[in-house]
1. Looking at Val363, Val320, Val308 in this structure, which one is more than 15 Å from the chain's Cα centre (by Cα) and crowded, with 24+ Cβ neighbours inside 10 Å?
2. Select from segment 151-163 the residues that are in contact (Cβ under 8 Å) with a residue 40 or more places away in the chain and more than 15 Å from the ligand (Cβ to nearest atom) and list them in ascending order.
3. Could you please find all residues in segment 78-100 being within 13 Å of the ligand (Cβ to nearest atom), out of contact with any strand residue (DSSP E or B) (no Cβ under 8 Å at 6 or more places or on another chain) and more than 21 Å from Gln152 (Cβ to Cβ)?
4. Test Pro313 against the criterion of being within 15 Å of the ligand (Cβ to nearest atom), part of a helix (DSSP H, G or I) and either modelled with pLDDT of 95 or more or over 12 Å from the mean Cα position of the chain (by Cα) (or both), and give yes or no.
5. I'd like to verify a number: residues in segment 274-310 that are farther than 25 Å from Leu330 by Cα, assigned to a helix (DSSP H, G or I) and not hydrophobic (A, V, I, L, M, F, W, C), how many?
6. So if I check each of Leu113, Leu214, Leu209, which one is within 20 Å of Ala32 (Cα to Cα), touching a strand residue (DSSP E or B) at 6+ places or on another chain (Cβ under 9 Å), in contact (Cβ under 8 Å) with a residue 12 or more places away in the chain and surrounded by 17 or more Cβ atoms within 10 Å (Cβ to Cβ)?
7. Quick one: is Ala349 under 20 Å from Val110 (Cβ atoms), more than 16 Å from the ligand (Cβ to nearest atom) and in contact with a Gly (Cβ under 8 Å, 6 or more places away or on another chain)?
Amino acid sequence: MAGADCEPLVSLADFERAAEALLGPQALSYVAGGAGDEITLRENRDAWRRIAIAPRVLVGVGVGQRDPRVTVLGRPRPHPLIIAPMALQRMVHEGGEIATAQAAEATGSVMCLSTLATVSAADVATAAPGASRWFQLYVFADRGVSRPLVAQAVEHGYEALVVTVDVPVLGVRERELRSGVRTSAVPQVPSARAAGARGPLTPGRFDALVDADLSWGDIKRLAAESPLPLLVKGILTAQDALLALENGAAGVIVSNHGGRQLDTVLSGADALPAIVDAVGDRVDVLVDGGIRRGTDVLKALALGAQAVLVGRPCLWGLAVDGAQGVQRVLEILLAEFDVALALTGARSAAALNGSFLTRAPWVEWQR
Ligand SMILES: Cc1cc2nc3c(=O)[nH]c(=O)nc-3n(C[C@H](O)[C@H](O)[C@H](O)COP(=O)(O)O)c2cc1C
């Protein structure tokens with residue numbers, strides 16, 4: 001796969017540049033933008049870079065044959081990469097969520113499908129039956145629409161329910177406001193249509209769809225009713241992680257929604273340690289935000305995450321070359337993770353722990 005100047009795309013940053021050149025200004029504002037001054041958006045990447053690796057050498061057997069396998073929600077997974085739920089993927093490429101699911105299938109990654117996908121959960125399942133699929137739920141004010149969405153996911157073999165809790169209202173995303181993307185014709189969203197929303201998904205229409213008054217009582221009910229394990233996505237404090245556990249969640253996703261909701265909240269990397277400390281191994285802890293290198297994946301696991309979600313890089317791959325582009329992005333990240341396992345002397349994902357990390361002195365040098 002090559003960029004506009006015909007050099008091969010060898011890193012996620014290469015895909016980012018290629019996607020920026022291909023996407024129109026509206027789609028680009030939607031994919032790349034964050035909330036407010038985009039401080040959290042930048043922190044999401046920078047926080048991983050502030051952690052240094054303390055590699056061990058000459059550790060012997062196993063370095064020649066690394067083992068990236070992890071266990072998530074009690075199931076073995078070939079590696080820790082999960083494609084984050086992202087809405088409106090047909091805005092980026094006509095293949096949309098189907099192409100993304102096919103890349104998940106080809107790479108053994110989990111695909112988390114957004115409630116606001118441009119393709120139904122049933123159609124994604126048919127197009128990529130071998131992909132492990134999770135369903136992300138925005139709980140709509142009209143439960144008569146939310147319930148059939150969950151039922152459809154269950155019927156079509158989705159393996160977990162990811163309830164996103166950091167969007168009671170949409171964040172203020174200035175790049176989107178400037179480009180006008182949300183008031184233009186965006187692709188059809190079957191779930192929004194089912195809820196009676198017509199036309200583009202403006203912030204006002206979005207806010208009218210979702211239940212802003214959702215509470216822990218609703219999570220408890222959903223967890224009790226759901227035949228699928230439930231993860232709560234959008235947790236940034238130990239207190240809320242403990243409430244998720246008490247209310248029946250099987251896991252939490254430490255996330256600030258890719259810096260798109262409340263600006264100046266902590267990055268995933270900075271919020272993760274206190275949450276891992278609080279919940280221990282009683283629930284799975286996953287993290288997202290700014291994962292761009294295999295070393296970021298390694299650091300997340302060493303801090304106690306079971307797996308990581310990768311967001312925008314998958315959309316860069318999708319923009320560049322549909323399913324194959326997403327597949328290539330995931331393959332690059334996996335290859336980098338494999339090399340990082342070898343060069344830290346950790347040998348396996350399961351062996352990662354805090355002893356492989358240290359404070360980065362360059363944080364002070366920059367000041
Ligand atoms: C274009 C876009 C759309 C998104 N849509 C959703 C969504 O529908 N549901 C959701 O829970 N999170 C959504 N997210 C947040 C991602 O799931 C994820 O938390 C975030 O993108 C991770 O950060 P990263 O992009 O730096 O990897 C979206 C993110 C982006 C970039």
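1. Val320
2. Pass one, segment 151-163, residues in contact (Cβ under 8 Å) with a residue 40 or more places away in the chain: 153-154, 158-163.
The answer is Val154, Glu159.
3. Within segment 78-100, the first condition is being within 13 Å of the ligand (Cβ to nearest atom), and the residues that meet it are 81-93, 96-97, 100.
From what is left, the residues that are out of contact with any strand residue (DSSP E or B) (no Cβ under 8 Å at 6 or more places or on another chain) are 86-93, 96.
Correct list: Met91, Val92, His93.
4. Details: within 15 Å of the ligand (Cβ to nearest atom): yes; part of a helix (DSSP H, G or I): yes; either modelled with pLDDT of 95 or more or over 12 Å from the mean Cα position of the chain (by Cα) (or both): yes.
Yes.
5. Our first condition is that a residue be farther than 25 Å from Leu330 by Cα; within segment 274-310, this holds for 274-283.
Still in the running and assigned to a helix (DSSP H, G or I): 274-279.
Remaining after also requiring not hydrophobic (A, V, I, L, M, F, W, C): 277.
So the count comes out to 1.
6. Numbers: Leu214 fails: within 20 Å of Ala32 (Cα to Cα); Leu209 fails: within 20 Å of Ala32 (Cα to Cα).
Checking each option against the conditions leaves just Leu113.
7. Values: under 20 Å from Val110 (Cβ atoms): yes; more than 16 Å from the ligand (Cβ to nearest atom): yes; in contact with a Gly (Cβ under 8 Å, 6 or more places away or on another chain): no.
Considered against the rule, which asks whether it is under 20 Å from Val110 (Cβ atoms), more than 16 Å from the ligand (Cβ to nearest atom) and in contact with a Gly (Cβ under 8 Å, 6 or more places away or on another chain), Ala349 comes out as no.
Residue by residue, here is whether (1) at pLDDT 95 or above; (2) more than 17 Å from the chain's Cα centre (by Cα); (3) closer than 30 Å to Arg221 by Cβ holds:
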{"position": "Ile253", "(1), (2), (3)": "yes, no, yes"}
{"position": "Gln261", "(1), (2), (3)": "yes, no, yes"}
{"position": "Leu266", "(1), (2), (3)": "yes, no, yes"}
{"position": "Asp277", "(1), (2), (3)": "yes, yes, yes"}
{"position": "Arg292", "(1), (2), (3)": "yes, no, no"}
{"position": "Leu303", "(1), (2), (3)": "yes, yes, no"}
{"position": "Val339", "(1), (2), (3)": "yes, yes, no"}
{"position": "Arg347", "(1), (2), (3)": "no, yes, no"}
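The values are calculated or read from the model by the stated rules, or taken from the named source; none is laboratory data. As the structure is a prediction and not an experimental result, all values here were calculated from the model. All Cβ positions, even for glycine, are placed from backbone atoms using ideal geometry, and neighbour counts span all protein chains on display.
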